[in-house]
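Chemist: Before I ask anything, here is the structure I am working with.
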Amino acid sequence: MRKRDVAVATVTAVLVLAIGGLICWVLYTHGIKGLSKPIMQTLTGNNSQYAEEPATMPEDAPKWDSEQTESYPAIAAHMKLQGRTTRDEDQITWLVQSGSAAEFTVTGTKAVLTLAGDGTALGKENHKPRYAVYLDDQLLTDALMRTKELEIPLFESNQPRTASVKVIQLSEAGYGAVGVKHVTVTSIYQEPVQPIPAKDLRIEFIGDSITCGYGVETKSEKDSFTTGTENFTKTYAYLTARMLNADYSAVCYSGYGIVSGWTGDGQKKPDSILPKYYNLIGILPKYKKQWDFEHAEQNDVVVINLGTNDYSYLSPSFSSRSKEFIKGYVDFLKQVRQKNPNAYIFCTMGTMGGESVYGLIEQAVGEYSAATGDTRIKSYASPVQTQEDGYGADYHPSVKTQQDSAQLLTEEICNTLGIQPGGSFQ
């Protein structure tokens, strides 16, 4: 959606120290100048996770008499599964939503990862799923899935080594998923594949193309969409999770809204709405199954970034259609709260313009709180992107804009929950 550029005023950085209690570091300026070194590294580095002590096997870990070669499936016993995933009858775990990932450590002298592609891997080149694999926090491969099965060598050495591995879905769920079949390991250890430990804080992001990272890696706003330039690790969502050292999940689809998807003629697009699919793993037939909220990890924070696409429907008759949007937003808040009973909900919108819709979101949050008595919810306005910071494909947010949005959201969460970047949830 094209909106006029609105300059974002520079706000003076503020540092707040809470003595003898909770500490919250507050910083927001236009850009990332002034960030402490660890936070600066998370935004400008190579997409690695927070550096942690290298994983090693305990001295008393059970061993075989000699090396064995075994394959270990992508299940919770061996890998931490982030985001909405599903396991099929072929024993493949599919990373469906943006940012969905499998994380584990592996110890041995050789390790090979086997991935899988669904039907979209054989489809249009510009719409194939994109994935990345990290080894010891360094990017090992970043590619489109073009085949039904693929082996990726992780390492081979004369002496046993322990490495951390992360497989992540970079593109969005509407264009297919990446499957993790297993990791094959040659090792003397009986349990060489272990899941990465869970973080103390967990955040869910609900959104549209902004959250998906639509076109974030293009050089010009004139470029069209391809999954090859969509990268969830460059979004405000992923960066915020990293800044807070949190686990995360995402449910996001380009062009989707609360009561209508993006429309070029002002006609309502009721099928492209997030509330209709929020309870599902994905929207493609293979993944159109109910997400198991009851047994999934509970979210501490939920961030809703929707309304940008609704603006295209609301704007031709804003006053007459506003009530419909407010009601739809209130109903969705009730739906989200039912599935996330203990989470603090943050509602935002505005990166690509449509400021008037943010006013409706404020009204909706107020009406919802008044009707339900729920006070664990707030709204804040996202600053509008500028020409100076550049644009992604089809005037979507650039890397710089996504970074600024991550700073602001991190500040909002810190202020509200009384935590600090990289700290534990209180």
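The values are calculated or read from the model by the stated rules, or taken from the named source; none is laboratory data. Please read all numbers here as calculations on a predicted model, not as lab measurements. Ideal geometry is used to build each Cβ from the backbone, glycine not excepted, and the neighbour counts take in all protein chains shown. When the accessible area is computed, the model is the full protein with side chains, heavy atoms only, and any ligands, DNA or RNA have been set aside. Shrake-Rupley method; radii C 1.70, N 1.55, O 1.52, S 1.80 Å.
Chemist: Could you look through the range 372-396, keep only residues that are among the aliphatic types (A, V, I, L, M) and assigned to a strand (DSSP E or B), and pick out the one that is surrounded by the fewest Cβ atoms within 10 Å (Cβ to Cβ)?
Modeler: If we take residues in the range 372-396 being among the aliphatic types (A, V, I, L, M) and assigned to a strand (DSSP E or B), then ALA381 is surrounded by the fewest Cβ atoms within 10 Å (Cβ to Cβ).
Chemist: Related question: Report, by residue number, each residue of the range 292-326 that is open to solvent by 30 Å² or more (accessible area, probe 1.4 Å), under 25 Å from VAL384 (Cα atoms) and not small (Gly, Ala, Ser).
Modeler: Once the filter is applied, which keeps residues that are open to solvent by 30 Å² or more (accessible area, probe 1.4 Å), under 25 Å from VAL384 (Cα atoms) and not small (Gly, Ala, Ser), the range 292-326 yields TYR311, PRO316, PHE318, ARG321, LYS323, GLU324.
Chemist: I need every pair where a residue in the range 208-230 that is over 21 Å from VAL302 (Cα atoms) and open to solvent by 30 Å² or more (accessible area, probe 1.4 Å) has its Cβ under 9 Å from the Cβ of a residue that is among the basic types (Lys, Arg) and at pLDDT below 95, sequence separation at least 6 or different chains.
Modeler: Pairs that qualify, where the first residue is over 21 Å from VAL302 (Cα atoms) and open to solvent by 30 Å² or more (accessible area, probe 1.4 Å) and the partner is among the basic types (Lys, Arg) and at pLDDT below 95, are GLU221/ARG2.
Chemist: Within the range 132-140, is even one residue outside any loop (DSSP other than H, G, I, E, B), over 22 Å from GLU217 (Cα atoms) and in contact with a helix residue (DSSP H, G or I) (Cβ under 8 Å, 6 or more places away or on another chain)?
Modeler: Within the range 132-140, not a single residue is outside any loop (DSSP other than H, G, I, E, B), over 22 Å from GLU217 (Cα atoms) and in contact with a helix residue (DSSP H, G or I) (Cβ under 8 Å, 6 or more places away or on another chain).
Chemist: Applying the selection to the range 397-414, what residues are crowded, with 24+ Cβ neighbours inside 10 Å and of a type in the set (Asp, Glu)?
Modeler: ASP404
Chemist: Something else about it: Can you tell which of GLY359, GLY328 is in contact with a Pro (Cβ under 8 Å, 6 or more places away or on another chain), outside any loop (DSSP other than H, G, I, E, B) and within 17 Å of ILE258 (Cβ to Cβ)?
Modeler: On the way: GLY359 fails: in contact with a Pro (Cβ under 8 Å, 6 or more places away or on another chain).
Of the residues listed, the single one that is in contact with a Pro (Cβ under 8 Å, 6 or more places away or on another chain), outside any loop (DSSP other than H, G, I, E, B) and within 17 Å of ILE258 (Cβ to Cβ) is GLY328.
Chemist: Quick one: would you say ALA116 is open to solvent by less than 10 Å² (accessible area, probe 1.4 Å), in contact with an Asp or Glu (Cβ under 8 Å, 6 or more places away or on another chain), under 23 Å from SER171 (Cα atoms) and assigned to a strand (DSSP E or B)?
Modeler: Yes: the conditions hold for ALA116.
Chemist: Can you pull out every residue in the range 91-113 that is part of a strand (DSSP E or B), aliphatic (A, V, I, L, M) and open to solvent by 10 Å² or more (accessible area, probe 1.4 Å)?
Modeler: The answer is VAL112, and nothing else.
Chemist: Further question: Going by the conditions given, is LEU306 more than 19 Å from the chain's Cα centre (by Cα) and of a type in the set (A, V, I, L, M)?
Modeler: Criteria not met by LEU306.
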